[in-house]
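Just so it is clear, none of the values below were taken in a lab; they were calculated from the coordinates. This one's a predicted model, so the numbers in the text were calculated from it and none came from an experiment. Virtual Cβ from ideal backbone geometry, glycine too; neighbours counted across all protein chains shown.
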Amino acid sequence: MFLRVTIGVLVGVLTIPVGMQVISRYTGIIPVYLWTEELATFIFVWIVMLGSMLAVWDRTHFDVHVIPEALTPLGRLLQEGFVHVAVAAFAFLFIWYGVGYTEFGSIQHSVMLRMNMALTYITVPIAGVGWAVFSLRHLAGEIAIYRQHSRNAQ
Amino acid sequence: DMTLRGASLFDENHAYTKTLMKFGELVNEYSGEDIEFDLRLNSELGIEPDYVNFLTQGVAIDYAIIAPSNLARFADSLPLMDMPFAFRDLDHWNTVLASDVFAPLEAELREKADLVIVGYAGGGTRNLISNKKISNMAELEGHKMRVMGAPIQAKVFDAISASPSAIAYSEVYNAIQTGVVDGLENESASLAQYKFYEVAPHVTLTKHSITVRPIVFSGKSFDKLSPELQEAIMKAGKEAGAFGRDFEATQDAEKLAEMTEAGNIQVHEFEGRDKLLELVIPVQDAYAAELGAEELLEAIRNK
Amino acid sequence: MIVSTGLACALLVGAFLILVMLRVPVAFALGIATIPVVFLDLRLTPFLIMDRMFQSYNSFILLAVPFFLLAANLMNSGKITDKLIELARVLTGWMPGGLGHVNVAVSMLFAGISGSSTADAAGCGKILIPAMTKQGYDARFSVAITACSSVMGVIIPPSILMIVWGGVMSVSVGALFLAGAIPGIMIALALMATVFVYAKVNDYPTAGRPTLCDFWAALKGAWLAVLTPVFVIGGIVGGIVTPTESAIVAAGYSLILGMFVYRTITIRDLGHVLYDTGRFASISLFAIGTASIFGWLLAFYDLPRLIVETLTTLNVSPFTTKLIIAFLFLFFGLFIDAIPTIIILGTVLYPVANAADIHPVAFAIIGIISLAFGLVTPPYGLCLLISAAIADLNVVQVLRDVVIILIPMLAILLLIISFPEIALWLPRMLMPQSMQ
Ligand code: NA
Ligand code: NA
């Protein structure tokens with residue numbers, strides 16, 4: 001829920017710098033801002049990375065159904081489980097190397113706002129943590145379903 | 001047998017690409033080795049800010065030519081290298097680049113971004129390009145012009161009484177056509193390539209900037225090489241840079257003459273260019289003070 | 001080790017296909033497939049995966065994606081879609097197969113306002129599919145025509161795909177917009193002809209003959225909305241706004257219409273619209289990131305040069321090259337979303353098109369129309385999935401009708417491949433400086 005509200009708010013906030021840029025250039029009412037573009041891209045990165053976490057949780061990342069649905073409980077566990085394990089593996093790569101990447105961001109600052117770039121680079125390990133937690137939760141859910149089936153079968 | 005990989009935004013005829021090819025040849029000549037130089041052209045591996053990240057981390061490529069503004073993320077003072085009115089003329093520019101005046105900037109870049117500057121290319125002279133004749137202070141006043149997005153650019157042109165605004169490069173042509181701005185400032189090569197003269201045929205020889213383009217080598221790759229090879233690279237970089245500067249400066253003057261002859265542009269001298277310098281000096285001083293680079297600015301001026 | 005081009009491409013494409021078959025989300029499959037190569041090759045490190053992905057978002061032009069989605073969502077939420085449907089009804093509903101024509105016409109109107117096909121399929125489909133089935137249209141046909149007509153959203157300007165294409169390959173977005181107009185209208189005519197044949201064969205009804213009064217009322221309801229393309233396309237072609245800015249102008253305009261003119265959007269709705277936009281935009285945009293690493297690696301391993309050399313040695317004609325390009329986009333569109341395909345395949349084929357002397361704008365239009373087909377082709381066709389879900393049908397059930405409707409559209413694509421001047425004429429007339 002927190003993620004959902006944040007994303008909605010960020011999209012709303014995103015309209016401000018871009019809107020200001022348009023208004024300032026064509027009306028001259030407010031001076032031309034050089035930092036609007038920079039700020040907009042920073043918000044944008046946050047929206048994308050938070051959204052990617054949420055989509056792992058909602059399972060709304062696009063996937064392709066070519067092979068048929070598994071019919072047995074074990075087949076389902078393997079089919080679904082593989083997806084969650086794969087996403088988690090990618091997530092751990094992002095957590096592990098994302099720390100170094102954030103450090104790489106921290107030695108840079110943006111040209112206009114003079115903001116430390118770690119503030120946006122940190123979305124990389126954060127997204128990794130989000131994907132890992134959510135995909136492992138799903139994996140646990142699948143295992144629980146499988147156990148339930150085995151118990152019912154006995 | 002070793003491979004070193006470089007990257008260029010442009011095709012094989014561009015001055016920067018030629019400079020980097022020359023660099024490879026010279027490295028082999030001075031080191032006596034047979035290194036393969038795999039130079040990837042036409043922005044195949046990305047654009048300059050991407051190259052900076054690769055070089056800093058020592059992945060994918062080993063060397064490239066980078067505009068100082070793209071290094072500002074790591075080291076504030078780098079854009080000082082080619083800020084407007086930094087150089088009096090081509091001779092002054094050449095003297096500065098052949099000297100070690102920029103050594104403090106080089107050290108800062110090595111420390112903060114692990115990048116080694118091995119030489120300096122560049123050599124495009126930037127002038128005003130406008131849809132009306134500008135030849136003196138009166139005509140310059142309030143002139144609506146597009147400038148690059150760095151704060152120092154806007155401040156300098158504001159100081160000389162023009163009215164600068166930052167517009168993306170890709171939109172400039174349309175912006176002049178529709179009267180959002182009356183002109184821009186650029187070098188002859190770009191003027192010819194993007195045919196800005198179709199909408200803005202007047203060129204005023206303000207000669208406010210002469211471009212400086214460091215040839216940058218990845219510090220991580222550099223440290224892995226033998227001292228002999230490192231030395232050869234530094235020597236080759238300086239010479240390739242000098243070659244590139246000569247090549248581009250000559251080409252730049254030729255392009256301007258060609259366009260004048262073809263009747264594409266009308267060239268105007270600026271009456272009282274000294275007045276411009278006078279107006280800009282306080283802005284430059286303030287900028288250098290902000291960066292703590294007063295000594296450096298002084299050193300450039302005294303060369 | 002230094003990985004060879006052949007091995008690298010086999011590893012990348014092979015791993016990707018296997019992962020997608022195993023139902024790993026496409027965006028993650030693209031990223032995961034790059035891991036083996038990055039670890040194997042001495043010259044590369046995982047830094048690249050994060051850096052290429054992260055830097056791909058560092059593009060002002062991509063901001064147009066959420067803003068155009070926002071505009072489309074605001075239109076659906078603000079009942080602007082209803083007004084457009086009413087206008088389409090008085091304009092085309094009197095023909096045999098009335099609601100079918102309305103479906104095509106409203107997609108055209110919607111396409112001219114929004115850059116998104118999925119929002120069209122969702123918004124118009126929700127109203128028209130039930131209405132069509134109620135009037136006795138075959139549900140399968142209703143779903144198929146809704147889905148197929150929605151693809152005009154990315155062909156008729158403004159278009160999110162064109163903005164991304166222009167940003168990635170440095171082509172004038174204004175020129176692309178203009179180039180899409182005539183092919184888009186041709187596709188609309190082809191669709192209407194198909195509806196006409198369906199109506200004759202199945203004896204489908206008209207949607208009533210409008211009186212002058214109806215006509216006037218519909219026009220009065222919709223004219224403010226229909227003005228949007230004037231601002232958006234006029235603004236870009238006239239050099240007044242940039243593509244990204246035009247998207248926010250469209251969103252701002254839809255918001256004003258919805259909140260103050262038609263007064264159908266409440267603050268509460270607005271919250272939902274913002275969240276929905278962010279959610280959907282970030283799913284597409286995230287895939288752009290992982291596609292960027294994938295595409296960058298293909299370029300790093302020199303795949304484009306390999307293709308160009310192969311085509312040169314085979315002495316392939318420019319026409320055949322164009323066919324190959326269209327085929328590759330169609331094929332990739334079966335499995336992957338359009339935007340990531342632009343980043344992977346567009347950048348790989350760009351040098352190929354250049355070498356064959358194909359105009360960059362013609363190349364873009366061929367690519368974009370081919371990709372538009374991907375929106376309605378299974379296994380992964382978002383517009384088809386959305387439309388089928390509205391009618392509670394399985395994609396397989398509507399496949400036959402989709403194929404029938406796509407055939408005339410394919411003919412149009414072939415026509416544009418043979419005579420690119422159809423697309424190039426308008427931008428040459430209005431934006432000659434962008435066409436050099
Ligand atoms: Na559209
Ligand atoms: Na439709």
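Assorted remarks:
- Footprinting exposure proxy ranking of C:Val237, A:Val13, A:Val48, fewest other C-beta atoms within 10 angstrom first, gives A:Val13, C:Val237, A:Val48.
- Share of Cα-Cα pairs in chain C lying beyond 38 Å, as whole percent: 20 percent
- Cut-off under 5 Å, modelled amide H: who pairs with B:Gly124 long-range: B:Thr211
- Between B:Ser77, B:Ser69, B:Ser43, the Gaussian network model of chain B with springs among Cα atoms under 10 angstrom shows the greatest mean-square fluctuation at B:Ser43.
- With the convex hull drawn around the C-alpha atoms of the range B:137-249, the volume per residue stands at 138 Å³.
- Per-selection metrics, chain B (Cα): Rg and Dmax in Å: 19.5, 63
- Our coupling estimate for the range C:148-161, obtained by passing each phi through the Karplus curve with A = 6.51, B = -1.76, C = 1.60 and θ = phi - 60°, is 5, 6, 5, 5, 4, x, 9, 9, 6, x, x, 9, 4, 4 Hz, Gly and Pro reported as x.
- The spacing between the range B:212-248 and the range C:52-103, judged by their C-alpha centroids, is 54 Å.
- Per-residue mean of foreign Cβ neighbours for C:171-177 is 1 (Cβ atoms of other chains, 10 Å radius).
- Folded to 0 to 90 degrees: helix C:395-418 orientation relative to chain C principal axis, Cα: 70 degrees
- Normalised Debye scattering of the protein assembly as shown at q = 0.06, 0.08, 0.09, 0.10 Å⁻¹ gives log10 I(q)/I(0) of -0.43, -0.78, -0.98, -1.20, counting only Cα atoms as equal scatterers and leaving out solvent.
- Spatial separation of Cα centroids for the range C:293-356 and the range C:208-265, in angstrom: 37 Å
- Relative to the longest principal axis of the Cα atoms of chain B, helix B:103-113 runs at roughly 70 degrees.
- Within 10 Å of the Cβ of each residue in A:1-14, the mean number of Cβ atoms contributed by other protein chains is 5.
- Descending semi-axes in whole angstrom, ellipsoid equivalent of chain A, from the Cα gyration tensor: 42, 18, 11
- Eligible lysines near B:Lys235 by straight Cα distance, threshold 29 Å, same-chain separation 8 or greater: B:Lys18, B:Lys22, B:Lys112, B:Lys220, B:Lys224, B:Lys303
- Relative to the longest principal axis of the Cα atoms of chain C, the long axis of helix C:303-313 makes an angle of roughly 90 degrees.
- Which of C:Asp357, B:Asp89 has the fewest Cβ neighbours within 10 Å, and the rest in rising order: C:Asp357, B:Asp89
- The mean number of Cβ atoms from other chains found within 10 Å of a Cβ in peptide A:51-61 is 5, as a whole number.
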